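Student: Here's a structure for you.
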Amino acid sequence: MNTHSADGTLSPRDPLIVALLGNPNTGKSTLFSALAGIATRVGNYPGVTVEEKIGQFTHHNQVIKLIDLPGTYSLFPKSPDETVAVNVLRGQMPGVPLPDCVIVVADATNLERNLYLASQVLEIGLPTVIALTLCDLADEKGIVIDTALLAQRLGCPVVRVIAPTHEGIAALCDNVIAAPATLHPSPITLDRDFTAANTGHSLPAREAMARYAWIERQLSGVITKTPPASRSFDERIDAVLTHRGWGTLIFIATMLLVFTSIFWLATPLMDLISSGMDGLATGVESLLPPGAIRSLIVNGVLAGIGGVVVFLPQIAMLFFFVAILEGCGYLSRAAFLMDRLLYGVGLSGKSFIPLLSSFACAIPGIMAARTIENRRDRLLTILVAPLMSCSARLPVYLLLCGAFVPNVAVGVPWLRLPALVLAAMYAVGVVVAALVALVLTQTVFRGPPQPFVMELPGWRWPRASVVWERVREASWSFLQNAGTLIVAVSIVVWALASYPYSQQLIEAEVDADRQKLVWRLSQYPPTDPDRVEIVDQLASLETADGLEAARRGAAQRQSFLGRAGRFIEPVVKPLGWDWRIGCAAIASFPAREVVLGTLGVIYNLGEIDPGEEDGSTALVRRLRAATWDGTNRKVYTLPVALSIMIFFALCAQCASTLVVIAQETNSWVWPVVAFTYMTLLAWLGAFATYQIGSAFDL
Amino acid sequence: MLSLQEVAVGASARVRDVAGSDPTSLRLLEMGLTPGVKVRVVGTAPLGDPLELELRGYRLSIRRNEASRVAVTQ
């Protein structure tokens, strides 16, 4: 709270504390950006997961500290958001000073409902300024608001603003600075008898009636609506978008566009980033002598940075579409259309786009869950989003389906078994996600049913500046928060995969490998087809490249990571895995897509590119020939391949996803929960798959 | 007694009362579904739920489950 001098004016040097409050979807965050630019502080209020966003700016030499309160429809404390808003406005939030002034954001196209919140703020008695947003849209709709009359009736300034073009921002600031000294708010008067039970309605109903009656009185003669003579362009768009047939078709087309964009259109950009990072790595390699430092820079730091930047195209593209859909009011419409499908498992329609996006990558998907206002729904969506099979799992499925699932027709000639298994992997993720959501709503998130009461805004044109701001903010927050952690994880995993390192032990293991191959060759009858592969492997050990790859393989197997693989062998053996597969699963933790590359290294192929025909065939041949140590028993059978696929379909072996969960929930509890439950499910799923598959002798 | 979820698509009704005083009912009231207000059922989502309503000059979506708490007269 500011100190007042004797004459009651503020000393100009004190920062003015201003709270920004408004209904959701009223352009509040756009107004925040227009006033304060980028937030100087984003965090959580103590003890609750409600976002605390604070900005600071100067207007006419007056420093203004702007507290962005969560978007709420009411101040009646029913949710954590509302409780925080009330506590801040009453000066009862620890660490937050009592605001000197409140800006209530009110949507000019929907003033009646928006004034409900304003009526509650006016009752608190703080100096209040009303910012009428979306005025351009109101003008288009022929809604004329007499702001002077409204200001007179409410006893507080009412300022028209068009935040994206900064129209009215200066006037708003002038009013805010003047408000604490000039406004002497007197509480508004509702109908006196609303507390008396004489109408048969409940007390809350009587209060709401009294407030709306008050609003109707304030607004009478203030708003004049002159609807356009003919149906406006917007109304025609609205009619098509909400049409049962056309609306559904347009919805499907829009969602396809969003999905294909992040799934395919982002790929060339991601490839460009990868090859750029590869080029940089080659450059560093040519500058530095081989050794630990070069390896740290290339395989730890650069690989980590590449692993972060590579997500940017998908994040930027998804937020580009989300911002456009949000800006034109279609995001709520999409939630409306899909709600029934998700309601059954305890989610809501708002979870649809985040979950759909997670089929491309869980990271933008989890970030898109920001559009879900309801905390419980948002958390639930974030927790099940990684179960959607992302594009990084696809190469694993493709390789194993192609190599180990018999290519036979199922029923009809065109339906092949590998394709069916591939589809089943996607289905498994969806079904398990539905079950998990259902179980979580019945247990951890048990509570009163969450209402789905959502405003459906009409069609409006999205603003380029707002879209850009959304894309920039999402990309930046990812780079800044998650990015640094992902690089750190990458460096740790590099260290674990590189040390301990002993030239002597590596040479010994390469020799042992050679002898093992010679031994195996002697065990096979001369006509056995596998002999060819073993002869090949022996021959490759005589080449420089083959020997180098074998040394790398040995180094990795002897590293902490390799030892961890051996250490967990008892745990993965029931899944039909040998320690090498366990090792690859652990090594894929920094990024799922490296699992095939890691298998390549483990099987002495060096860093193969599974996307390339040669790398993939070579790996398949190695996998097919792989045997349990000291025996002729094959490791990779159909049940084992299925068990690996199921494990990868359900596990959370993706450090970036877990880091983003931490970033988005502002807590390390939820990534730990996600990792634990998913690893447990993945293990159980893989166990059941392998045991059942083996029992049926597949 | 007629509830809002029984009102035909395209038809209008006047709210009589919102049952209960739990957070869901409070939210419905705050969103403007107060006794006496006129509501039009604009349509439903393709799968039949939720409903799209028009009241107080704006569009609101609520589930059938929630609409069943709202008693109306036509």
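Residues checked against (1) under 24 Å from the mean Cα position of the chain (by Cα); (2) outside any helix (DSSP H, G or I); (3) in the same structural domain as A:ALA266 (by TED's automatic domain parsing); (4) closer than 24 Å to A:LEU658 by Cα:
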{"position": "A:LEU355", "(1), (2), (3), (4)": "yes, no, yes, yes"}
{"position": "A:ILE366", "(1), (2), (3), (4)": "yes, no, yes, yes"}
{"position": "A:ARG376", "(1), (2), (3), (4)": "yes, no, yes, yes"}
{"position": "A:TYR397", "(1), (2), (3), (4)": "yes, no, yes, yes"}
{"position": "A:ASN407", "(1), (2), (3), (4)": "no, yes, yes, no"}
{"position": "A:ALA434", "(1), (2), (3), (4)": "yes, no, yes, yes"}
{"position": "A:PRO451", "(1), (2), (3), (4)": "yes, yes, yes, no"}
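Student: Next question, about the same structure. Take the conditions part of a helix (DSSP H, G or I) and closer than 22 Å to A:PRO448 by Cα and apply them to A:LEU347. Does it pass?
Tutor: On the way: part of a helix (DSSP H, G or I): no; closer than 22 Å to A:PRO448 by Cα: yes.
No; evaluated as a whole, the condition is false for this residue.
Student: Please work out which one of (1) of a type outside the set (Gly, Ala, Ser); (2) at pLDDT 90 or above; (3) under 27 Å from A:ASN481 (Cα atoms); (4) in a loop (DSSP other than H, G, I, E, B) is the condition A:PRO97 fails and give its number.
Tutor: (3)
Student: Which ones in the range A:332-390 are surrounded by 24 or more Cβ atoms within 10 Å (Cβ to Cβ) and polar (S, T, N, Q)?
Tutor: A:SER348, A:SER351, A:SER357, A:SER358, A:THR381, A:SER389, listed by residue number.
Student: Do we have A:ALA403 as over 20 Å from A:PHE352 (Cα atoms), free of Cβ contacts under 8 Å to residues at least 24 places away in the same chain and away from chain B (no Cβ under 14 Å) here? Don't jump to the end; show me each part of the working.
Tutor: Details: over 20 Å from A:PHE352 (Cα atoms): yes; free of Cβ contacts under 8 Å to residues at least 24 places away in the same chain: no; away from chain B (no Cβ under 14 Å): yes.
Answer is no for this residue.
Student: Identify, from the list A:GLY291, A:GLY329, the residue that is farther than 30 Å from A:LEU438 by Cβ and within 14 Å of chain B (Cβ to nearest Cβ).
Tutor: Only one candidate qualifies: A:GLY329.
Student: Considering only the range A:249-278, how many residues are surrounded by fewer than 14 Cβ atoms within 10 Å (Cβ to Cβ) and among the β-branched types (Val, Ile, Thr)?
Tutor: 2
Student: So is A:VAL50 touching a helix residue (DSSP H, G or I) at 6+ places or on another chain (Cβ under 7 Å), away from chain B (no Cβ under 14 Å) and modelled with pLDDT of 90 or more or not?
Tutor: no
Student: Could you look through the range B:1-24, keep only residues that are out of contact with any helix residue (DSSP H, G or I) (no Cβ under 9 Å at 6 or more places or on another chain) and closer than 9 Å to B:GLN74 by Cα, and pick out the one that is surrounded by the most Cβ atoms within 10 Å (Cβ to Cβ)?
Tutor: B:SER12
Student: Out of all the residues in the range A:84-123, which are among the acidic types (Asp, Glu) and either within 13 Å of chain B (Cβ to nearest Cβ) or buried (at least 20 other Cβ atoms within 10 Å of the Cβ) (or both)?
Tutor: Pass one, the range A:84-123, residues among the acidic types (Asp, Glu): A:100, A:107, A:112, A:123.
Answer for the range A:84-123, where residues must be among the acidic types (Asp, Glu) and either within 13 Å of chain B (Cβ to nearest Cβ) or buried (at least 20 other Cβ atoms within 10 Å of the Cβ) (or both): A:ASP100, A:ASP107, A:GLU112.
Student: For the range A:156-177, enumerate the residues that are modelled with pLDDT under 90 and more than 16 Å from A:VAL105 (Cα to Cα).
Tutor: Hit for the range A:156-177 is A:THR165, nothing else.
Student: Could you tell me whether any residue of the range A:295-304 is modelled with pLDDT of 85 or more, within 22 Å of the chain's Cα centre (by Cα) and assigned by TED's automatic domain parsing to the domain that holds A:SER391?
Tutor: The answer is no, given that none of the residues of the range A:295-304 is modelled with pLDDT of 85 or more, within 22 Å of the chain's Cα centre (by Cα) and assigned by TED's automatic domain parsing to the domain that holds A:SER391.
Student: Right, here's the next one. Can you name the residue in the range B:55-71 that is surrounded by fewer than 16 Cβ atoms within 10 Å (Cβ to Cβ) and facing chain A (nearest Cβ under 9 Å) and is also nearest to A:HIS243 (Cα to Cα) among such residues?
Tutor: B:GLY57
Student: Which condition number does A:PHE319 fail, the rest of (1) in contact (Cβ under 8 Å) with a residue 24 or more places away in the chain; (2) away from chain B (no Cβ under 14 Å); (3) surrounded by fewer than 23 Cβ atoms within 10 Å (Cβ to Cβ); (4) not aliphatic (A, V, I, L, M) being met?
Tutor: (3)
Student: Against the conditions (1) within 30 Å of A:ASN23 (Cα to Cα); (2) among the small types (Gly, Ala, Ser); (3) assigned to a helix (DSSP H, G or I), where does A:GLY458 fall short? Just the number, please.
Tutor: All conditions pass for A:GLY458, except number (3).
Student: Which condition breaks for A:THR72 when tested against (1) in a loop (DSSP other than H, G, I, E, B); (2) among the hydroxyl-bearing types (Ser, Thr, Tyr); (3) away from every other protein chain (no Cβ under 14 Å)?
Tutor: Failed condition: (3).
Student: Still on this model: Which residue is nearest to the other protein chains (Cβ to nearest Cβ), if the candidates are limited to the range A:443-464 and must be surrounded by fewer than 15 Cβ atoms within 10 Å (Cβ to Cβ) and over 21 Å from B:ARG27 (Cβ atoms)? Let's see the steps before the verdict.
Tutor: Within the range A:443-464, the first condition is being surrounded by fewer than 15 Cβ atoms within 10 Å (Cβ to Cβ), and the residues that meet it are A:443-444, A:446-449, A:461, A:464.
Applying the additional criterion that residues be over 21 Å from B:ARG27 (Cβ atoms) yields A:443-444, A:461, A:464.
On the way: A:THR443: 21, A:VAL444: 19, A:TRP461: 18, A:ALA464: 26 Å.
Once the filter is applied, the top-ranked residue is A:TRP461.
Student: While we're on this one: Determine, yes or no, whether A:SER33 is modelled with pLDDT of 75 or more, under 20 Å from A:VAL121 (Cα atoms) and outside the structural domain of A:PHE452 (by TED's automatic domain parsing). Break it down stepwise before answering.
Tutor: Numbers: modelled with pLDDT of 75 or more: yes; under 20 Å from A:VAL121 (Cα atoms): no; outside the structural domain of A:PHE452 (by TED's automatic domain parsing): yes.
When the stated conditions are applied, A:SER33 does not pass them.
Student: May I pose another question? If I ask for residues that are at the interface with chain A (Cβ under 7 Å from one of its Cβ atoms) and under 16 Å from A:MET454 (Cβ atoms), which ones from the range B:30-46 would you list?
Tutor: Scanning the range B:30-46 gives B:GLU30, B:MET31, B:GLY32, B:GLY43, B:ALA45.
Student: Working only within the range B:1-29, note down all residues that are more than 7 Å from chain A (Cβ to nearest Cβ) and either touching a Phe, Trp or Tyr at 6+ places or on another chain (Cβ under 9 Å) or among the acidic types (Asp, Glu) (or both).
Tutor: Residue satisfying the conditions is B:GLU6 alone.
Student: Suppose we filter A:GLU533, A:GLU473 for residues that are of a type in the set (Asp, Glu) and either within 30 Å of A:ALA323 (Cβ to Cβ) or without any contact (Cβ under 8 Å) to a residue 60 or more places away in the chain (or both); which single one remains?
Tutor: Step by step, each of A:GLU533, A:GLU473 is checked, and only A:GLU473 is of a type in the set (Asp, Glu) and either within 30 Å of A:ALA323 (Cβ to Cβ) or without any contact (Cβ under 8 Å) to a residue 60 or more places away in the chain (or both).
Student: Which of (1) free of Cβ contacts under 8 Å to residues at least 60 places away in the same chain; (2) away from every other protein chain (no Cβ under 14 Å) does A:ALA488 not meet, given it meets every other one?
Tutor: Status for A:ALA488: all satisfied but (1).
Student: If you don't mind, another one. How many of the residues in the range A:518-536 are farther than 15 Å from A:LYS634 by Cβ and part of a helix (DSSP H, G or I)?
Tutor: 7
Student: Hey, another quick one. Do we have A:PRO46 as in contact (Cβ under 8 Å) with a residue 60 or more places away in the chain and not in a strand (DSSP E or B) here?
Tutor: Criteria not met by A:PRO46.
The values are calculated or read from the model by the stated rules, or taken from the named source; none is laboratory data. Small disclaimer: the values here were computed from a predicted structure and weren't measured. Positions of Cβ are generated from backbone atoms using ideal geometry, with glycine treated the same way; all protein chains shown enter the neighbour counts.
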